[in-house]
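The values are calculated or read from the model by the stated rules, or taken from the named source; none is laboratory data. Bear in mind that the values here come from a model prediction, so they are computed numbers and not experimental data. Every residue, glycine as well, gets a Cβ built from its backbone with ideal geometry; the counts of neighbours run over all protein chains shown.
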Amino acid sequence: MVHHSFASGLCLSLGLISTFASGAPLEANEPDFNSGVDYVIVGAGPAGLTLAEELTRQSRARVVLLEAGASGDTNPSVQTPGIFFQATYQYNWPYFSAPDPNLGGIAPNLVQGRMVGGGTGVNAMLYSRGSASVFDEWARVSGNRGLAWNSIYEAFKATTHWTDEPSIHYKQPINTSAFGKGPLEISRQRELFPIDTPFVSTFADKFKLPEIDLVSGGGIGVSQAVESIIARNRIRSYAHNSFGYQAAGRSNYRLITNAWVAKINFRGAAADSVTYNDTTTGTMRTLRAKEIIIAAGALKAPQLLLLSGVGPADALRALGIPVVKDVAGVGQGLIDHHMAIMEFEAAPGEPSGWQYDYNATFRAQATAAYARDGSGWLGTQGGDPYVGARLPGSVSPSSAYLRNLPQDRAHVAWGYSNQAMLVDNNQGVPNVSTVSGYAALVQPESRGSVTLASADYRAAPIIRSNYWGTPAERAAIIWAYKQLRSVFQSRDMARLAPRELFPGANVTSDADLWSAIQKSSSSWHHPVGTTALGTVLDANWRVKGLKGLRVVGSSAAPQIPTCPIQAAVYALAYVAAADIKRADRI
């Protein structure tokens, strides 16, 4: 797909960020960071920036935040919701799953955000919390009661605020008391897309599902989801321009971009410094700290621990890495939301990414409307509806895992996008205006892993995603795929998406549908669990058996939420910051 750059004259209301280069001269009242600091945080994603903002509220705590990527806060592809997919290509770690035998050797991409803001700067901006029982499970597994739903609910509130617009007239259940006065702004679409209402209503009728808001502890039902978008001008609200901007003016805070961390250094069993590559100059630098906090996501965090000698001892020795601590769980337990995709030709009046790319009139109208006041197709990401449901008893009856998931958790989920999602899968989908539907497993039983390919920090890790790894999961996704097709074939949906492009209406047998699922499988880019609380980490986020080293963020989550994960990562980091301040008495 060809992507056009957004209008150069677009005026965005952006704040300022103070980014300090390593070795920059000190302000008169600025602490000396070069002699060592209290906290070095690795990774400026939602966890890292939430930690930095919270910790630097204590003026005596000197905090340095290291980010391998750059700032994208003035880039329209980051700020403009409707073209967020362009940022995904520019600001990422270009990771792929290892060729997966469950997919016939296909290796789906698993790109992760590489920028100030991390994944929140390139994601689809859906804000949802999902099922309450997940967080009670986090608390039980970790021993940290602050992660239980009744407690972490306050962290969800403290990290967000709600803004609605009086011009919005469609009805939507929203519990506005579920938001507080935090930095991240949450809003909803100004206008619904034509497919939105029939998509959720058809699923609701088919499975007798209630309409829910996805922020109040429910996970089963249909929802017109809400978004991390600033209502006033319809630009992305993300970790950088919310938490990052608040921390930026504090003299005890320093953000260093283009700082690719290569290794955590230890003195005995205590972490005492970080070595990173200043990629602007190619210079290796070392920064000492009383505490290192890794907040680098579920793929980078285990990789960095392994490179630093923390992980399964035999695997480290095989690569010539000196063992600091034998921790078998590092890199294990990878959980992700996997999906299978169908593609449909859109009716002429249905807005789509194809229309923006190839229809000059549509693009000019969308550009003008957004430049005027943030309206129109560019002011929202391309498909908010979410559906979560339990499997019927006739599907996967042999799976005790799926059968025993708490009753507030869905087994499968569905959604759609007005983008062509199979562009990179080479499935021969014709170049026409396209909408994509997808079916996903909400909490798969299968687990994957992240291991090292090399002792060189610049080499990508080996990611074994383990798609559809059990017979029960395969049965579940085939069933969900069939339901997706039946919804698109319903009268109201067929008017808006009249022709199935992939896999094609002639693909009907379970064997052929399974082949189509294998070919169209993709990640929802929600990896978690690779340095989990309860296995790798203790209840206060420390790597067990080591001093001066904590891990916070998606890699610490012992179970995946029942929905997109950005809300959970912000809240998790907020809880962690409170725990750290209390334990360290700052």
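Computed values, structure above
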| quantity | calculated |
| --- | --- |
| The one condition in (1) aromatic (Phe, Trp, Tyr); (2) crowded, with 23+ Cβ neighbours inside 10 Å; (3) within 30 Å of LEU422 (Cβ to Cβ) that TYR276 fails to fulfil | (3) |
| Cβ pairs under 6 Å, 6+ apart, first in the stretch 141-155 and crowded, with 23+ Cβ neighbours inside 10 Å and at pLDDT 95 or above, second in a helix (DSSP H, G or I) and among the hydroxyl-bearing types (Ser, Thr, Tyr) | ALA155/TYR574 |
| Scope the stretch 323-340; condition out of contact with any Pro (no Cβ under 8 Å at 6 or more places or on another chain) and of a type in the set (Val, Ile, Thr); matching residues | VAL323, VAL324 |
| Every residue from the stretch 101-133 that is over 21 Å from GLY415 (Cα atoms), surrounded by 24 or more Cβ atoms within 10 Å (Cβ to Cβ) and out of contact with any helix residue (DSSP H, G or I) (no Cβ under 7 Å at 6 or more places or on another chain) | ARG114 |
| Conditions (1) over 20 Å from LEU422 (Cα atoms); (2) aromatic (Phe, Trp, Tyr); (3) at pLDDT below 95; number of the one not met by TYR39 | (3) |
| Filtered residue count, the stretch 156-168, keeping only those that are assigned to a helix (DSSP H, G or I) and in contact (Cβ under 8 Å) with a residue 40 or more places away in the chain | 2 |
| Check on LEU452, touching a helix residue (DSSP H, G or I) at 6+ places or on another chain (Cβ under 8 Å) and within 27 Å of ALA532 (Cβ to Cβ) | yes |
| Filter result for the condition that a residue is farther than 30 Å from ALA578 by Cα and of a type in the set (Gly, Ala, Ser), over ALA480, ALA532, ALA539 | ALA480 |
| Residue list for the stretch 279-296, restricted to those being of a type in the set (Gly, Ala, Ser) and surrounded by fewer than 17 Cβ atoms within 10 Å (Cβ to Cβ) | GLY282 |
| Matching option when the condition is crowded, with 19+ Cβ neighbours inside 10 Å, out of contact with any strand residue (DSSP E or B) (no Cβ under 7 Å at 6 or more places or on another chain) and either of a type in the set (Val, Ile, Thr) or on the phi < 0 side of the Ramachandran plot (or both), among LEU299, LEU316 | LEU316 |
| Within the stretch 254-297, strands (runs of 3 or more DSSP E) holding 3 or more residues that are more than 25 Å from ASP73 (Cβ to Cβ) and under 26 Å from the mean Cα position of the chain (by Cα) | 259-267 |
| Residue count for the stretch 58-94, restricted to those that are more than 30 Å from GLY374 (Cβ to Cβ), surrounded by 21 or more Cβ atoms within 10 Å (Cβ to Cβ) and not aliphatic (A, V, I, L, M) | 1 |
| Matching residues in the stretch 89-126 - criterion: being outside any loop (DSSP other than H, G, I, E, B) and within 12 Å of the chain's Cα centre (by Cα) | GLN112, GLY113, GLY118, GLY119, THR120, GLY121, LEU126 |
| Residue within the stretch 452-468 that is acidic (Asp, Glu) and either under 25 Å from ALA204 (Cα atoms) or crowded, with 17+ Cβ neighbours inside 10 Å (or both) present | no |
| The listed residue being within 24 Å of HIS525 (Cα to Cα) and basic (Lys, Arg), out of ARG114, ARG190 | ARG114 |
| Breaking point among (1) surrounded by fewer than 24 Cβ atoms within 10 Å (Cβ to Cβ); (2) at pLDDT 95 or above, for ARG585 | (2) |
| Filter result for ALA47 (part of a loop (DSSP other than H, G, I, E, B) and either free of Cβ contacts under 8 Å to residues at least 24 places away in the same chain or touching a Phe, Trp or Tyr at 6+ places or on another chain (Cβ under 9 Å) (or both)) | no |
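Every residue, every condition in (1) out of contact with any Pro (no Cβ under 7 Å at 6 or more places or on another chain); (2) on the phi < 0 side of the Ramachandran plot; (3) modelled with pLDDT under 95, yes or no:
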| position | (1), (2), (3) |
| --- | --- |
| GLY244 | yes, yes, no |
| ALA248 | yes, yes, no |
| ASN252 | no, yes, no |
| TRP260 | yes, yes, no |
| ILE264 | yes, yes, no |
| GLY268 | yes, no, no |
| ALA271 | yes, yes, no |
| TYR276 | yes, yes, no |
| THR279 | yes, yes, no |
